[in-house]
Each structure stands twice: as C-alpha cells, then as structure tokens.
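Reviewing the structure listed below.
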Amino acid sequence: MRVYFDNAATTPLDPAVFEAMKPYLLEQYGNPSSTHSHGRSVRAGIEYARKSIATLLKVTPGEIFFTSGGTEADNTALLGTIHANGVKHVVSSAIEHHAVLHTLEVMERNGEIKLSMVELDAQGRVNYDHLENLLANNPNTLVSLMHANNEIGTLLDIQRVAELAKAHGGFFHSDTVQTMGHYVHDLTKLPADCIVGSAHKFHGPKGIGFLFLRKGHKCGPFIHGGSQERNMRGGTENVAGIIGIAKALELAYAEMEAHQSHVQALKTRMIDQLKERLPGVLFNGTAENAEESLYTVLNVCLPQTEHAGMMLFSLDLHQISASGGSACSSGSQLGSHVLQAIGHDPNRPAVRFSFSKFNTVEEIDYTVDKIVEIYQPVVA
Ligand code: PLP
C-alpha cells in the first residue's frame, strides 16, 4: 500500500479542477491584458473566477487579488500594510510560517518595525491577555497571527483576535493558508483586513493563491510591474491557475461538511489506535480537542527511541509519506522552529500526518500497524 499523509505540505489535484483548467492551457491562450477577442475571453474567465471566490468569502470581487501563492500573499499583506499605514509595531508569534516570520524579522533587522511575540502555551495557544496588553500599549499595531498552525494544527480564535485588534485601532492579517477551503470564512462577520489562500492546500494547482484586502484598507503592491490586478501585482496572470483555484474553492465549499467529518474521523481513529497500541505516545498541539485543532493535521509525539532520526525514513520504506514538521523547511538541517517554540522534547520523534478527502480508514490502519512494528523491539 502506498500512503500519502502529507496533505498539509500539498494536496493532490482534484481531477475536476484539472478539467476546468484544461481549456485555459490549450485553447484559451490569449493574454488577458490584450483588448482583442482572444484576450477578452481569457479576461472574462479570470473575472468569473475572482467573482466566484469573492462570493464564497462574502466579499466583493475588487477585494480579491491573485498572487503566486500563500507566501507572496503574506508578503504583500505585511509589507503593503506596514508601509502604507506607517505601522511601527507588529505583534506575531514564534510559530508562524516562515512566509510571515522571516518577512517580519527582515523588517525588524532593517529597523522598520518593532516586533513583539505574543506568549504561547505548550500547545501553541495564544495568551489573549498578553495580546490585549501589547495592543493597549502600542497604537497603530499590526497583528499577524495564523489561523491554524501547519505543523501542529493548533487553531487560533480568529474572531476574538480580529475583534481585539479592531477594538484597539490596530490592523489584522491572518495567514489562513491551512484553513482556506477547510473552514467557512465569512468576511462579513470576521473583521480582518487581510487573509490569504493557496490553491495547492485544497486540491488546486501549485503556484497560485490570493490575497483578500478589505475595501478601504490601505496596502501597497509587493511585485512592481504592469497594471495587472489593479496595479497591485504586476506580471501576466497565471490564468489556468486562477481558473483552478476558483474551481478548487467551489468544490471545497460544496463538500466541506462531508470532507470535515470524513477527515476528522480518520484523525480520531489514528489517535485512538495509537493510544491503545503504543504506550507513551503523545500528541503535539491541541490534537485531542477537535474544537481547537485543525482536522487535517495530526502531529504525533512518538516515544523516545534511539532510532528517532530514522522515523520518517522508516515510514518511507513502508511507502508512507509523512513529514517531520513543515515541508517548507525539509531539506534544511534545522529542526522545526514550531516544535522548539512549544518545548517539544527533541529526543522524541515528532511526525506530522496530514489527511485529505482522498485518504481512507485502511490507510490509517496500515500506518498504525507499521508504526507499532517499527517500535516492536522498544515496547516489547
Ligand atoms: N503559510 C502556511 C501556514 C503554510 O502552510 C504555507 C505552505 O506550506 C504557506 C504559508 C506558503 O504557501 P505557498 O506554498 O502557497 O507559498
């Protein structure tokens, strides 16, 4: 059996998404900025896609800007908001994705901002009192906190944070890459200034994302060039990608409840079986509390073993693809900054299993069997 449990890194493309993209790869090749008919029909496709995403998020099409993915959307939101509004103070957290963390760290090093890190508990939950203190003492603050952590799955009370930021006259950006297409984002209720999406996290293609910028929120461009995306993002559009992200989000919204209950059941089954069969197993983050944990992610803190460093390799030998933290930093020798921030014991292997609608109960059972097998000499 070959098992793909690395859906937080990227998800397989839904065949229906590929079918929607196909005409824009083969037949509809005009440049959307051209005024002739070849260009106009492609422009119409892009605007239809924008409208479709806007409708799902309950915003206007003018508030959606296509980007090359989550990283670019985060960079645009942060740099654009800070520069356009004279922001001097940013509150973020030590467990943000590097798309946010490294961007803010560079700005801090350049002397452009003061960066405050909100306190977190051992599950990666924000200390809301500390956040409120930071906001109360610093006017014109930008808060940037992720909705769900990509490594440990801890969920933020995004509504509470958005309201806190607004109550103190601040700005709010959330890296919603891991929750877009997995939860409903109703921006008539959520007072966020900027949120983001990345298609490949919800069965769309790689290399396409979007940034929601609330009407009236001042934000400058990150990529300079032509007048595409209403002067917010120069460069000829990734047309097939744009068609793909809209189709993927439509499907995700249509299937959301079924998808959520299927995936949550897989996660719960894995938790229960591991607890039963592997003494000493723990779970990083808030995994055992479904209300506070992203249902697609399960970060398992395995018992200590001398083979800790070989765990992913051993799983790979059994054709099980999982991750040892964020895939974005795989290949580097550095450990996970997220696990470090929550005080994870480095002697215990941490494996992130992340699921999608295409995974099955059989795959969970097979994987648990293999983990137990790997540990056999240790637990016997
Ligand atoms: N933010 C989070 C939370 C992510 O998990 C990722 C991807 O792993 C990104 C941002 C970056 O998104 P992209 O790969 O589309 O640039």
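Identify the residue in the range 76-108 that is within 20 Å of the chain's Cα centre (by Cα), surrounded by fewer than 19 Cβ atoms within 10 Å (Cβ to Cβ) and not hydrophobic (A, V, I, L, M, F, W, C) and, among all such residues, is nearest to the ligand (Cβ to nearest atom).
His98
In the set Asn140, Asn133, Asn127, which member is more than 16 Å from the ligand (Cβ to nearest atom), touching a residue at least 40 places away in the same chain (Cβ under 8 Å), of a type outside the set (A, V, I, L, M, F, W, C) and more than 12 Å from Glu96 (Cα to Cα)?
Values: Asn133 fails: touching a residue at least 40 places away in the same chain (Cβ under 8 Å); Asn127 fails: touching a residue at least 40 places away in the same chain (Cβ under 8 Å).
None of the other options fit; the residue is Asn140.
Keeping to the range 241-297, report how many residues are in a loop (DSSP other than H, G, I, E, B), under 17 Å from Ser356 (Cβ atoms) and without any contact (Cβ under 8 Å) to a residue 60 or more places away in the chain.
0
What are the residue pairs meeting all of these: first residue in the range 176-203, first residue closer than 18 Å to Gly62 by Cα, second residue among the basic types (Lys, Arg), Cβ atoms under 7 Å, and 6 or more apart or on different chains?
Qualifying pairs under 7 Å: Asp186/Lys58; Leu187/Lys58; Thr188/Lys58; Pro191/Lys166; Asp193/Arg214.
Kindly evaluate Ile243 against the criterion of being over 30 Å from His83 (Cβ atoms), away from the ligand (no atom under 14 Å from the Cβ) and crowded, with 21+ Cβ neighbours inside 10 Å.
It is true that Ile243 is over 30 Å from His83 (Cβ atoms), away from the ligand (no atom under 14 Å from the Cβ) and crowded, with 21+ Cβ neighbours inside 10 Å.
All but one of (1) within 13 Å of the ligand (Cβ to nearest atom); (2) surrounded by fewer than 23 Cβ atoms within 10 Å (Cβ to Cβ); (3) in contact (Cβ under 8 Å) with a residue 40 or more places away in the chain hold for Glu63; state the number of the condition that does not hold.
Failing condition for Glu63: (1).
Identify, by number, the condition in (1) of a type outside the set (S, T, N, Q); (2) more than 16 Å from the ligand (Cβ to nearest atom); (3) open to solvent by less than 30 Å² (accessible area, probe 1.4 Å) that Leu156 doesn't meet.
(2)
Looking at (1) buried (at least 16 other Cβ atoms within 10 Å of the Cβ); (2) not in a helix (DSSP H, G or I), which is the only condition Thr236 fails?
Of the numbered conditions (1) buried (at least 16 other Cβ atoms within 10 Å of the Cβ); (2) not in a helix (DSSP H, G or I), the odd one out for Thr236 is (1).
Take the residues of the range 159-214 that are among the charged types (D, E, K, R), surrounded by 24 or more Cβ atoms within 10 Å (Cβ to Cβ) and closer than 15 Å to Gly69 by Cβ: which is farthest from the ligand (Cβ to nearest atom)?
First pass over the range 159-214, keeping only residues among the charged types (D, E, K, R): 160, 163, 166, 175, 186, 189, 193, 201, 206, 214.
Those still in the list that are surrounded by 24 or more Cβ atoms within 10 Å (Cβ to Cβ) too: 175, 193, 201.
When the remaining residues are screened for being closer than 15 Å to Gly69 by Cβ, the result is 175, 201.
On the way: Asp175: 5, Lys201: 7 Å.
The qualifying residue farthest from the ligand (Cβ to nearest atom) is Lys201.
For the structure I just gave you, tell me whether Gly234 is at positive phi and out of contact with any Lys or Arg (no Cβ under 9 Å at 6 or more places or on another chain).
no
Among the residues of the range 6-17, which ones are surrounded by fewer than 16 Cβ atoms within 10 Å (Cβ to Cβ), touching a residue at least 40 places away in the same chain (Cβ under 8 Å) and assigned to a helix (DSSP H, G or I)?
Passing the criteria: only Ala16.
Name the one entry in Gly111, Gly30 that is within 26 Å of Lys206 (Cβ to Cβ), without any contact (Cβ under 8 Å) to a residue 40 or more places away in the chain and either touching a Lys or Arg at 6+ places or on another chain (Cβ under 6 Å) or open to solvent by less than 70 Å² (accessible area, probe 1.4 Å) (or both).
Checking each option against the conditions leaves just Gly30.
Condition test on Gly207, is it closer than 29 Å to Thr81 by Cβ, free of Cβ contacts under 8 Å to residues at least 24 places away in the same chain and outside any helix (DSSP H, G or I)? Can you show your working first?
Numbers: closer than 29 Å to Thr81 by Cβ: yes; free of Cβ contacts under 8 Å to residues at least 24 places away in the same chain: no; outside any helix (DSSP H, G or I): yes.
Taking the combined requirement at face value, the residue does not satisfy it.
Report yes if some residue within the range 215-227 is touching a Phe, Trp or Tyr at 6+ places or on another chain (Cβ under 6 Å) and buried (at least 22 other Cβ atoms within 10 Å of the Cβ); otherwise report no.
Checked the range 215-227: no residue is touching a Phe, Trp or Tyr at 6+ places or on another chain (Cβ under 6 Å) and buried (at least 22 other Cβ atoms within 10 Å of the Cβ).
The values are calculated or read from the model by the stated rules, or taken from the named source; none is laboratory data. Only a predicted model underlies this, so the values are computations on that prediction, with no experimental measurement involved. Note that we place each Cβ from the backbone using ideal geometry, even for glycine, and neighbour counts take in every protein chain shown. The area values use the complete protein model at the heavy-atom level, side chains included, leaving out ligands, DNA and RNA. Shrake-Rupley method; radii C 1.70, N 1.55, O 1.52, S 1.80 Å.
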